[in-house]
Amino acid sequence: MKKILRTCVLSVALLLCGVVTACSGSIKNQSKNLSDSWWLDGAIYHIWIKGFCDSDGDGCGDINGIRSKLDYLHDDVGCDVLWISPFFECEGKGTAVDYNMHGYDTTDYFAVNSLFGTEDDVLALVTECHERGMKIIFDFVPNHTSSEHPWFKDSVAGKNGKRDWYVWSDEAGGANPMGSSPAWFYSEEAGAWYYAPFWEHMPDLNYKNPEVQKEMRSVVYYWLDRGFDGMRIDAARYLIEDGSRSADSDSTHEWFTDLHARLAKRYKSPKLMLGEIWIERRRDALEKYFGSADKKEFDLVTDFDTGRAQQGSIIIGASSLPDASYENPHDIPGAAYATFLCNHDEYQSRLGSVFGTDYKRITLALVLAALRPPVPVIYYGQEAGLADMNLTGDIRHRGPFDWQTADALLSDPDSSINVLHAALELRKQYARTFTGATVEDFVPNRGQCAAYVLHPQDSTQKDILCVFNFSAEDYPEYIFNKKQKPLSVWSEEELVFVTPGAEETQLALEDERVIVKNIPARSAAVFLLD
């Protein structure tokens, strides 16, 4: 008892000295023996809890539903990391399919949404993930709360020292950084305007207040201490406003850099920080969120450009990949982009809505996303060709998973689920080549096909050539020219992966040309080159 007391007293002393630590007994259920960059080795599966799996028949997906499908996620799909949508207690709650219970309107960061289960259910999910060698991250919502959060109610009333916990002004401020809707709303009770660019009922927290910063770090520690392996951070670029700058401020970068450093000190197992940074076609601004090798910010940063090029290539039947052939940063250990074909927001339609029941194109899209350098994020149901619901707004992307379809696909060895699993297994086998390589895009003699080589940083590893035919036409021969000639000269090739029907695809290697033979319509093939 005295030893435990001394340990905790020492921890308190260290905290008072500004060192982030914790009593050893408060950090439990942690993954063990993880590499420093474990998130580079596989794929992330994004679960919208309400729509994924209902375990108790109330019409609403829940935590125990996820637990019941862990073998499917790990063994059948082949994913290593789960990202679950917000499970905190929230204002907008409802089980109906057309009710958009999104969870980003938090009313209590330390309580689990009662429609999803209990904290014990969440901790059991974490435990069972770790038992399978999987990791799990939660969706952290730091920018704003619900207007029904007790903090905001106290802020409006000027009680309990919470007035300065939100962003207030005597006058309405500037424009909304995310669009044309209002960003400032007047409170009669407070006699002032509050800042809420996402929605009138989701006011922004004031991170210029040290008490807010401390409390939100406590939220992070609370769930990471209980075993979560990291977090996806919602709306990260809007965290702190600096004067007229409401996005991508220096203060925002500084706060997340500081948080990354604190987590590195607090935990033995590396914790993932995945930042939702919705910036398109401005790579310089996006890349700043990685920080630097000695001052890291985010480990993974969302890439909204690549997913559009990938899905677009399948839609038009011709390659648009060279416009989005982004490599992961090579100068920051563990840094990588995270890409997706669609997500829970108004980004792109689900594959089932774009391609219907054309599983050949659905499969090709999934394989293409799996075999690019960024870490793939698979939105639930994509692997089974789930379609959007017949509704408007982002709720259409958040419908119930079709488990009957998934079960039927699992019984077919050539199905989208099983082919995706094979592609992810290939990615795991050559994980450092895929994520750490430089990309050499070949120039096609026409636009229907694409080919690129992944050159590993480790010269002892073989190059990997990926070939895709996006068109509805079979090609007995398709010629690619090398941009950087002769960057590599290969004498041997080994076919290591194909989509169904492409088993006879072959290569003829030349100094300045690569000739692909017998590549069928809407297919992919992968070769090791030596």
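The table below gives the values:
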{"read-out": "In order through region 206-215: 3J(HN,Hα) via Karplus (6.51 cos²θ - 1.76 cosθ + 1.60), integer Hz, x for Gly, Pro", "value": "9, 7, 7, 8, x, 5, 5, 4, 4, 5"}
{"read-out": "Neighbour net charge for residue 456 - beta-carbon separation under 14 angstrom, K R +1, D E -1", "value": "-2"}
{"read-out": "Hz values of 3J(HN,Hα) by residue in region 140-147 - Karplus curve (6.51, -1.76, 1.60), Gly and Pro given as x", "value": "8, 10, x, 6, 8, 10, 6, 5"}
{"read-out": "Sites residue 98 and residue 120, calculated FRET efficiency, Cβ-Cβ separation with R0 25 Å, nearest 0.05", "value": "0.25"}
{"read-out": "Sequence ranges 368-380, 139-151, ranked by mean other-Cβ count within 10 angstrom, highest first", "value": "368-380, 139-151"}
{"read-out": "Region 270-369: trypsin sites (Lys or Arg not before Pro) in DSSP loop, at most 11 other beta carbons within 10 Å", "value": "281, 282"}
{"read-out": "Region 63-163 - percent of accessible surface contributed by carbon and sulfur, probe 1.4 Å", "value": "45"}
{"read-out": "Of all accessible heavy-atom area on region 280-329, the percent that carbon and sulfur account for (1.4 Å)", "value": "47"}
{"read-out": "Backbone N under 20 Å from the residue 208 label point (7 Å along Cα→Cβ), restricted to region 159-180", "value": "159, 161-178"}
{"read-out": "Percent of Cα-Cα distances greater than 16 Å, calculated over region 119-227", "value": "64"}
{"read-out": "Residue-normalised accessible area of the chain, expressed per residue, 1.4 Å probe, Å²", "value": "40"}
{"read-out": "Selected from 26, 369, 167, residue furthest toward positive end of dipole (the chain; charges at beta carbon)", "value": "26"}
{"read-out": "Under 11 Å, Cβ to Cβ, from residue 81 - net charge with Lys/Arg +1 and Asp/Glu -1", "value": "-1"}
{"read-out": "Label-to-label distance, nm, for residues given as residue 425 and residue 477 (7 Å Cα→Cβ offset)", "value": "3.5"}
{"read-out": "Karplus (6.51, -1.76, 1.60) ³J(HN,Hα), θ = phi - 60°, over region 381-386, in Hz, Gly and Pro reported as x", "value": "x, 4, 5, 10, x, 4"}
{"read-out": "Mean ellipticity per residue at 222 nm, deg cm²/dmol - from DSSP H runs of n ≥ 4 across the chain, formula -39500 (n - 2.57)", "value": "-8000 deg cm²/dmol"}
{"read-out": "Helix axis angle, 2-16 relative to the chain longest principal axis, alpha carbon, degrees", "value": "90"}
{"read-out": "Unit charges on C-beta of K, R, D, E only; dipole of the chain, Debye", "value": "1440"}
{"read-out": "Unit charges on C-beta of K, R, D, E only; dipole of region 53-138, Debye", "value": "220"}
{"read-out": "Cβ-placed point charges (K, R +1; D, E -1), dipole of region 335-492 about Cα centre in debye, nearest 20", "value": "480"}
{"read-out": "Kirkwood Rh, Cα atoms: Rg over Rh of region 42-142", "value": "0.95"}
{"read-out": "Nearest-ten-degree value, helix 304-316 long axis tilted from longest Cα axis of the chain", "value": "40"}
{"read-out": "Translational D in µm²/s for the chain (Stokes-Einstein at 10 °C, 1.306 mPa s, Kirkwood Rh from C-alpha pairs)", "value": "65"}
{"read-out": "Square roots of 5 times each gyration tensor eigenvalue, C-alpha, region 447-530, largest first, Å", "value": "21, 14, 11"}
{"read-out": "Shape category assigned to region 177-310 from the gyration tensor of Cα positions, a/c cut at 1.5", "value": "oblate"}
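The values are calculated or read from the model by the stated rules, or taken from the named source; none is laboratory data. Fair warning: this is a prediction, and the values are worked out from it, not measured in the lab. In this analysis, Cβ positions are derived from the backbone assuming ideal geometry, glycine residues included, and neighbour counts consider all displayed protein chains. Side chains are part of the model used for accessible areas, which takes the heavy atoms of the whole protein and leaves out ligands, DNA and RNA. Shrake-Rupley method; radii C 1.70, N 1.55, O 1.52, S 1.80 Å.
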